[in-house]
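Asker: The structure's right below; bear with me while I get my questions together.
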Amino acid sequence: MQAADDSRLPQLREDLQLLKGAPTITGKPTWLIFDPVAHRYFQVDQEAFRLLSIWNRPVSYTHLTLPTIV
């Protein structure tokens, strides 16, 4: 059994689509998640988009919690 910190994230459904959304009133970028099964859109901020864009990569929770240098 793997340690809790090394658990892999569950796979996102392949049919979900990440689309660029309209900027907020303050100019910050947003993204839309389109769920074709439920035919619904969900708006997320840049931070959530970054997390979702790497979700299906073979990355452990420990790796995601490490600070990143931008």
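The values are calculated or read from the model by the stated rules, or taken from the named source; none is laboratory data. Keep in mind it's a predicted model, so treat the numbers as computed, not measured. Cβ atoms come from the backbone with ideal geometry, glycine included; neighbour counts cover every protein chain shown. Keep in mind that these areas ignore ligands, DNA and RNA; they rest on the heavy atoms of the full protein, side chains included. Shrake-Rupley method; radii C 1.70, N 1.55, O 1.52, S 1.80 Å.
Asker: With the structure loaded, tell me whether residue 34 is free of Cβ contacts under 8 Å to residues at least 24 places away in the same chain and open to solvent by 60 Å² or more (accessible area, probe 1.4 Å) or whether it fails that test. It would help to see each step written out before you state the result.
Answerer: Details: free of Cβ contacts under 8 Å to residues at least 24 places away in the same chain: yes; open to solvent by 60 Å² or more (accessible area, probe 1.4 Å): no.
No: the conditions fail for residue 34.
Asker: Something else now. Is it fair to say residue 43 is within 12 Å of the chain's Cα centre (by Cα), at pLDDT 75 or above and open to solvent by 90 Å² or more (accessible area, probe 1.4 Å)? Write out each step before concluding.
Answerer: Details: within 12 Å of the chain's Cα centre (by Cα): yes; at pLDDT 75 or above: yes; open to solvent by 90 Å² or more (accessible area, probe 1.4 Å): yes.
Yes; evaluated as a whole, the condition is true for this residue.
Asker: Restrict the check to region 15-25 and report whether at least one residue is open to solvent by 100 Å² or more (accessible area, probe 1.4 Å), assigned to a strand (DSSP E or B) and at pLDDT 90 or above. Don't jump to the end; show me each part of the working.
Answerer: Of all residues in region 15-25, those open to solvent by 100 Å² or more (accessible area, probe 1.4 Å) come to 20, 25.
Subsequent filtering for residues that are assigned to a strand (DSSP E or B) retains 20.
Going one step further and asking which of them are at pLDDT 90 or above, we end up with 20.
Yes, region 15-25 contains a residue that is open to solvent by 100 Å² or more (accessible area, probe 1.4 Å), assigned to a strand (DSSP E or B) and at pLDDT 90 or above.
Asker: Kindly provide the set of residues from region 47-58 that are without any contact (Cβ under 8 Å) to a residue 40 or more places away in the chain and either open to solvent by 50 Å² or more (accessible area, probe 1.4 Å) or small (Gly, Ala, Ser) (or both), ordered by number.
Answerer: Looking only at region 47-58, we keep the residues that are without any contact (Cβ under 8 Å) to a residue 40 or more places away in the chain, and these are 47-51, 53-54, 57.
Result: 47, 48, 50, 51, 53, 57.
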